[in-house]
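Here's the structure we're looking at; comments come further down.
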Amino acid sequence: MNKLAQTSAEILWRWRVLFATGCLLVTIFAVTQLASLTVSNSLEIWYPQDAAELVNYRKFQQTYGNDEVVVVAVSSSAGADFNDEAGIELIGEMTDRLLEIAGVATVTSVVTVPESLAEARGRLLSGDGTTTAIIVQMMAGDEFEVRRHQILLDINTAIDSFGFDSRLAGFGVVYDGLNEASTTGAATLLLLAHSLMFVLLLLFFRRPVPVLVTLLAVGIATLWTMGLYAGLGRQLNMVTMALPTLVLVIGIADCVHLLRSVARQDSSGSRQDRVISGVAQVLGPCFVTSITTAAGFLALTTSSLPVVQDLGLFGAVGMLAAFVTAFVFCTLGLSWQSCEPKIKQSRLDSLARRLSKHAADAPWRTVVAFALLLILAGFGMSRLETDTNSIGYLQESHKIRRDSDFIESRIGPYVPLDFTITATDSILSGEALDAVQAWQVTVTAMDEVGWSWSLLDALAVKRDEPPSLLGESVIRTRFERVRTFSPVTTAAMISADNELRISFGVPIMSARTMQALIGRIQNAAELPDNLRLQPAGYSPLYTRIVDEIVRSQVQGFSAAILLILVLLGIAMRSTKRVLLAIPANTIPVVLTLGLMGLTGIPLDVATATIATVILGLVVDDTVHILRPAKGQGLEATVMQAVDRSGGTLLLTSLVLAAGFLVLWFAQIRSIAWFGALTSFAMLVAIATDLLLLPALARLFGRFSRS
């Protein structure tokens, strides 16, 4: 037995009460930090504060105002018509009420749009006149993100006071829905995970006390992690909402190994000797697995996405915290016999032995079977897509999705896709405006585009009337008139007399689809050399995330595999064992990515971390099976490890798989996918360790002997 592990176990036993007291003091401090935890799913949290796209977006907002708008669709009762005088009057009253809400900058409705702009007015009414759209523009400012939820509540309250059905849409509405899902979802998932873990562990341990001690230990580790998260000013989001559940589920493995190890010790020994011996046997392997899992999470910090960095950093903290609390509180609990699980030869132990023996007896057949699975996975990976869709994160039955679909079907596309055209001289010249108008007409004719809006529309320039024919003096006269009576209108459309903002109305769509549409719109522009066209506003941020997802996946996985191989090399001190660990740990990742491609699950902001996280998780069982045994060859080591720990590894893998499957019930679809895929990976990993490793060890032995 390792002397360092023996000494550490003795110290842990001697000072177990002191260590537990220290942990409880840390827990109290962590709990005091949780009150400051807030939630945000705004797109801005995905980028570093100095990212060029984010800097440009803020400049755009400073120039033209906040581009976040809420589309409020108000439907009248049967037979009522918003086209008649009474209906128009009601819309006016609702417009005034909305303008009174703190945080609202402007409100656009049929009563605020001049009758001369018939096309613009028509876009705010459904064909039958029973539904009207009111556009609410939010104020800009640093506090807006915090106030958004209250503003949306106030909008709903204002419309409800008139007795009409209202539906809200817009990216801000989606983010508010994601915030709510992240808050209530995280709490619900954590409660569900605790309940499931209690039932499963009770079935395996057949005693309640070890179950309660296990849940206490990992629960405290979760509090430490989230307390640090909140204390450092981090905000919960749709990615990090899974963090408490991850720490809870993954942290259980160390407790299971420790408790079963002590329970397997010779019953004739004293309680102290049995606990110290049992702790010493698993302390080293559990430390290595905790370090490798933490390394997998830590590799995510190489991502350029701040939320992915946070998941990596605090996931690593959680894994190390779970290791500490598992050994401290389980050792304390094992002071009493009642904390030992009831252990006898279980079906899991015999199943693990039979699987490994069968694979070792037919090594080539086993290797070929895994090779065929890899070929199928390769086909699936060729179909894997990278994309993200903000509204698509919500379940199809979610009210926000249903409201969005209603508005698009009754009113039309509502998402503004902004561009700016900058001139080297005046943007109001006839040549410049003719080019802008021609481009605007071409783009509006595209199937995906429902409407367009620019300064030309505000100046009542007809689409079939070239501005140059009116003359620059007429254009400037109209411009000054509009600026005098509605300075807000011109401020949102023109900057410094040399830049125009043009908005197109498109359906809410995924980032990849919007990226392609932006490219087509840019290609449709035939502008003079003195004009420069650029995507602006929210869309460059939204579409850029696709490229960042790919970069995060590649960087994170590369860093993880390098870190883990180095750690395995140090721990195992055997090149042969490290080489065996490579297929055992990469196959679950490859098969999971292949499954994503075959089932149409995209790599998005949540699932982009899947390969790195899985790699950090699946290495745990491999460490327990491949850890060197003094005086024994590779094949004997593997089979003895399966004999000793196979049942425990099956148990922890099943618990992990079931725990991750809890995430399937998340309100956010990508988190649900993440949970189901990670659960699948855990099952593949234990199958690989119990089947492929014995087969490869047998083949290595044959080659060595020959």
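A few notes on this one:
- Complete set of residues in region 490-524 that are of a type in the set (S, T, N, Q) and within 25 Å of Ala133 (Cα to Cα): Thr490, Ser503, Ser510
- Qualifying residues in region 485-512 (those that are in a loop (DSSP other than H, G, I, E, B) and under 37 Å from the mean Cα position of the chain (by Cα)) - the one farthest from Val104 (Cα to Cα): Ser510
- Residue within region 460-480 that is in a loop (DSSP other than H, G, I, E, B), in the same structural domain as Leu533 (by TED's automatic domain parsing) and modelled with pLDDT of 90 or more present: yes
- Within this structure, Ile155 passes the test of being of a type in the set (Val, Ile, Thr), touching a helix residue (DSSP H, G or I) at 6+ places or on another chain (Cβ under 8 Å) and not assigned by TED's automatic domain parsing to the domain that holds Leu259.
- Residue within region 114-125 that is more than 26 Å from Ser409 (Cβ to Cβ), modelled with pLDDT under 85 and among the hydroxyl-bearing types (Ser, Thr, Tyr) present: yes
- Taking every residue in region 569-598 that is closer than 16 Å to Ile291 by Cβ and free of Cβ contacts under 8 Å to residues at least 12 places away in the same chain and pairing it with any residue that is assigned to a helix (DSSP H, G or I) and of a type in the set (D, E, K, R), at least 6 positions away or on another chain, the pairs with Cβ-Cβ distances below 9 Å are Gly569/Arg577.
- Boolean, Leu190 is surrounded by fewer than 24 Cβ atoms within 10 Å (Cβ to Cβ), over 25 Å from Met509 (Cβ atoms) and modelled with pLDDT under 85: yes
- Subset of region 513-541 that is outside any loop (DSSP other than H, G, I, E, B) and among the polar types (S, T, N, Q) - its residue that is modelled with the lowest pLDDT: Ser539
- Some residue of region 70-80 being closer than 26 Å to Ser404 by Cα and in contact with a Pro (Cβ under 8 Å, 6 or more places away or on another chain): no
- When region 545-565 is limited to residues that are within 16 Å of the chain's Cα centre (by Cα) and not aliphatic (A, V, I, L, M), the one that is farthest from Ile502 (Cα to Cα) turns out to be Gly556.
- Among residues of region 114-138 that are outside the structural domain of Glu89 (by TED's automatic domain parsing) and free of Cβ contacts under 8 Å to residues at least 12 places away in the same chain, none has a beta-carbon under 8 Å from a residue that is part of a strand (DSSP E or B) and among the basic types (Lys, Arg) at least six positions away or on a different chain.
Conditions tested, residue by residue: (1) in a helix (DSSP H, G or I); (2) of a type in the set (Val, Ile, Thr); (3) under 20 Å from Val655 (Cα atoms).
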{"position": "Leu216", "(1), (2), (3)": "yes, no, yes"}
{"position": "Trp224", "(1), (2), (3)": "yes, no, no"}
{"position": "Tyr229", "(1), (2), (3)": "yes, no, no"}
{"position": "Ala242", "(1), (2), (3)": "yes, no, yes"}
{"position": "Val256", "(1), (2), (3)": "yes, yes, yes"}
{"position": "Leu259", "(1), (2), (3)": "yes, no, yes"}
{"position": "Ser277", "(1), (2), (3)": "yes, no, no"}
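- So Leu12, is it outside the structural domain of Ala105 (by TED's automatic domain parsing), surrounded by 18 or more Cβ atoms within 10 Å (Cβ to Cβ), touching a Phe, Trp or Tyr at 6+ places or on another chain (Cβ under 7 Å) and modelled with pLDDT under 85: no
- Within region 83-188, strands (runs of 3 or more DSSP E) holding 1 or more residues that are among the acidic types (Asp, Glu): 165-169
- Residue within region 356-366 that is in the same structural domain as Leu215 (by TED's automatic domain parsing), surrounded by 14 or more Cβ atoms within 10 Å (Cβ to Cβ), of a type in the set (A, V, I, L, M, F, W, C) and farther than 26 Å from Leu591 by Cβ present: no
- Filter result (of a type outside the set (S, T, N, Q) and crowded, with 16+ Cβ neighbours inside 10 Å) within region 54-72: Leu54, Tyr57, Phe60, Tyr64, Gly65, Asp67, Glu68, Val69, Val70, Val71, Val72
- Only one of the numbered conditions (1) within 40 Å of the chain's Cα centre (by Cα); (2) of a type in the set (Gly, Ala, Ser); (3) farther than 23 Å from Tyr175 by Cα is violated by Ser116, and that is (1).
- From the list Tyr538, Tyr542, the lone residue that is among the aromatic types (Phe, Trp, Tyr), touching a helix residue (DSSP H, G or I) at 6+ places or on another chain (Cβ under 6 Å) and surrounded by 19 or more Cβ atoms within 10 Å (Cβ to Cβ) is Tyr542.
- All positions within region 549-594 that are among the basic types (Lys, Arg) and assigned to a helix (DSSP H, G or I): Arg551, Lys576, Arg577
- Which numbered condition Ser397 misses (of (1) small (Gly, Ala, Ser); (2) under 30 Å from Glu53 (Cα atoms); (3) not assigned by TED's automatic domain parsing to the domain that holds Gln272): (2)
- The lone exception for Ile582 - which of (1) touching a helix residue (DSSP H, G or I) at 6+ places or on another chain (Cβ under 7 Å); (2) modelled with pLDDT of 80 or more; (3) assigned by TED's automatic domain parsing to the domain that holds Leu376; (4) not aromatic (Phe, Trp, Tyr) it fails: (1)
- Taken residue by residue, region 45-59 has at least one member that is acidic (Asp, Glu) and touching a Leu at 6+ places or on another chain (Cβ under 6 Å).
- Inter-residue pairs, beta-carbon under 7 Å, first at pLDDT 85 or above and in region 71-97, second among the basic types (Lys, Arg), 6+ apart: Ala73/Arg167; Ala73/Arg410
- Residue count for region 107-128 under the criterion of being out of contact with any helix residue (DSSP H, G or I) (no Cβ under 6 Å at 6 or more places or on another chain) and either under 20 Å from Val69 (Cα atoms) or not polar (S, T, N, Q) (or both): the result is 15.
- Picking from residues in region 442-459 that are touching a strand residue (DSSP E or B) at 6+ places or on another chain (Cβ under 8 Å) and assigned to a helix (DSSP H, G or I), the one that is surrounded by the fewest Cβ atoms within 10 Å (Cβ to Cβ) is Thr444.
The values are calculated or read from the model by the stated rules, or taken from the named source; none is laboratory data. Everything numeric in this text was worked out from a predicted model, so none of it was measured. Glycine gets a Cβ as well: all are built from the backbone with ideal geometry, and neighbour counts include every protein chain shown.
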